[in-house]
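A.B. asks: To start, I am sharing the structure in question, which I have written as structure tokens.
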Amino acid sequence: MKKILLMNGPNLNMLGVRDPALYGTDTLAAIEAEFAAYAAGRGAAVDCFQSNHEGALIDRLHEAHGRYDGIVYNPGAHTHYSYALHDAVETIDVPVVEVHLTDISQREEFRRTSVIAPACVAQVKGMGKAGYLRALDLLLDGPAGDAGASDACDAAPAEAGAPEPADAEGGAR
Ligand SMILES: O=C1C[C@@](O)(C(=O)O)C[C@@H](O)[C@@H]1O
């Protein structure tokens, strides 16, 4: 059975409370449960980890080395500045797909850059919570198994996503 780690960074423990119009009404616990159930249906086991602390996230990535088949990771605001997390993702032998609930390319200037994405195999953005499931599909199937994200596992991280967070399935490039 494949082993997948679902990781979420700072402030994502506040999903459900934090700007629901932008991030949705689901709690992180609900998203994790849905993700684990979806993964189980696909024959994969899931561990979940969330932290608001950069060092704890780095430690968890290091611990994942050699122990997981893939990581689905929403780095939250660390996305935009944490070279330490970039380096941790780059260091380990586990493929990481970066996920964002929102379409960071359509938001404030400071959100448009991901310093972590270059170390990831793909980036999924703007699909709301469905983006986590798409990221899992990309890890399990590669791009060929995921219509609509056909270039998502190129050597350079590619992007998959729809403009509206609430639009779970439509509009993926
Ligand atoms: O915390 C978050 C959430 C986020 O990663 C997203 O899922 O859309 C986007 C980030 O810019 C933000 O800081």
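The values are calculated or read from the model by the stated rules, or taken from the named source; none is laboratory data. Not measured: the values here are computed from a predicted model. All Cβ positions, glycine included, derive from the backbone under ideal geometry; neighbour counts span all protein chains shown. The area values use the complete protein model at the heavy-atom level, side chains included, leaving out ligands, DNA and RNA. Shrake-Rupley method; radii C 1.70, N 1.55, O 1.52, S 1.80 Å.
A.B. asks: Need the full-extension length gain, Asp93 to Asn11, defined as separation in residues times 0.36 nm minus the C-alpha distance. One decimal, nm.
C.D. replies: 26.8 nm
A.B. asks: Which order do Tyr38, Tyr73, Tyr81 take when ranked by solvent-accessible area (1.4 Å probe, heavy atoms of all protein chains), largest first?
C.D. replies: Tyr81, Tyr38, Tyr73
A.B. asks: Calculate the spin-label point distance for Thr113 paired with His62, positioning each point 7 Å from the Cα along the beta-carbon direction, and give it in nanometres.
C.D. replies: 2.7
A.B. asks: Let me ask another. How much length is gained on full extension from Ala84 to Ala29, taking 0.36 nm per residue of separation minus their Cα-Cα distance?
C.D. replies: Here the answer is 17.1 nm.
A.B. asks: Here's another thing I want to ask about it. Which value, in Å² and to the nearest 10, is the accessible area of Ile92 when all protein chains are kept and the probe is 1.4 Å?
C.D. replies: Around 20 Å² of this residue is reachable by solvent.
A.B. asks: To the nearest Å, what is the center-to-center distance of the stretch 83-108 and the stretch 29-44, using C-alpha atoms only?
C.D. replies: 21
A.B. asks: Calculate, for Leu22 and Asp141, the FRET efficiency according to 1/(1 + (r/R0)^6) with r their C-beta to C-beta distance and R0 25 Å; round to the nearest 0.05.
C.D. replies: 0.30
A.B. asks: Okay, next question. Kindly identify the stretch 2-161 as rounded, prolate or oblate by the Cα gyration tensor criterion: order the square roots of the eigenvalues as a ≥ b ≥ c, call it rounded if a/c is under 1.5, otherwise compare a/b with b/c, prolate if a/b is larger, else oblate.
C.D. replies: Since a/c stays below 1.5, the shape of the stretch 2-161 is classed as rounded.
A.B. asks: Quote the accessible area belonging to Phe110 in square angstrom, nearest 10, computed with a 1.4 Å probe and with ligands, DNA and RNA left uncounted.
C.D. replies: Accessible surface of Phe110 is approximately 110 Å².
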